[in-house]
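Chemist: There's a structure below that I have some questions on.
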Amino acid sequence: MKIINIIAFIVGLLLGSGLLLSAVFVYVKRQIFGVGGIVLIVFGSFLIGLSIWTSFEISVNSDGTIKAKYNQETKEEIGVKAAEVNGSIEQLKLKLSNLTQDVLTLKRAVPGVTFSRDKTLEREQKEKLFANNSEYSILVFYKPYQRDISVKLSNMLLSLGFKSSATPSELKEAARQFKPNKAWIIYTPKGEKKIPELKKILSSTGTSIEYIYRNRSYALRSGDIQILIF
């Protein structure tokens, strides 16, 4: 991902500079600056600006000093975006499953056919569960050697309607450090509402991970709940 960002930055910078230089060259040589020149200037500036402004953050302090820093997505930001995408995919899977059931029923249909009451209730309960859980994001960050367990956990959360993703990390930024096979669960005031339900889910996973919960909510930068697996 870093290589792609660097290539995109360089290509944008070179193309933008080329367009600007072309416009300047034509003006210097022929003293002509028509619509074509304006188009080259606009697109050249756009390409250079897009490359620079997506890579750097500029801030002005109250004393007038200007600070610039390279802006690179953190693992948490990547995890949030992945959770959004994963959540949408699971919702699509649910809709597809329902549609498949409808099609199969119609293929076998006779006049007046209806879904069985059990199937109807099962569908309604699952849709209600998805609608409720889809408001919450649970991000799983894990030590590289805990990948299999973490991906399985994230997939389970997705199947229950949560927005979730599993992202590898050395977890050096964690406020508390734990020994292997322990997980630190932190959450926001919003995420706290789902902790009792999450405890039931995690207790049914059958893994060797010991889950340790923070005793109060926390202002997380991303996600409603974070599971840090050591």
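The values are calculated or read from the model by the stated rules, or taken from the named source; none is laboratory data. Remember, predicted model here, so these are calculated numbers, not experimental data. So basically every Cβ, Gly included, is an ideal-geometry build from the backbone, and we count neighbours across all protein chains shown.
Chemist: Assess whether Ser169 counts as being touching a Pro at 6+ places or on another chain (Cβ under 6 Å) and either modelled with pLDDT of 90 or more or within 21 Å of Gln91 (Cα to Cα) (or both).
Modeler: no
Chemist: If a residue must be buried (at least 21 other Cβ atoms within 10 Å of the Cβ) and on the phi > 0 side of the Ramachandran plot, how many such residues does segment 124-183 contain?
Modeler: Total meeting the criteria: 1.
Chemist: Next up: Take the conditions within 17 Å of the chain's Cα centre (by Cα), at pLDDT 90 or above and within 16 Å of Leu198 (Cβ to Cβ) and apply them to Leu160. Does it pass?
Modeler: No, not satisfied.
Chemist: Every residue in segment 110-123 that is modelled with pLDDT of 70 or more and surrounded by 11 or more Cβ atoms within 10 Å (Cβ to Cβ), please.
Modeler: Result: Lys119, Thr120, Leu121, Glu122, Arg123.
Chemist: Okay, next question. Kindly list the number of the only condition in (1) under 28 Å from Lys95 (Cα atoms); (2) modelled with pLDDT of 95 or more that fails for Pro189.
Modeler: (1)
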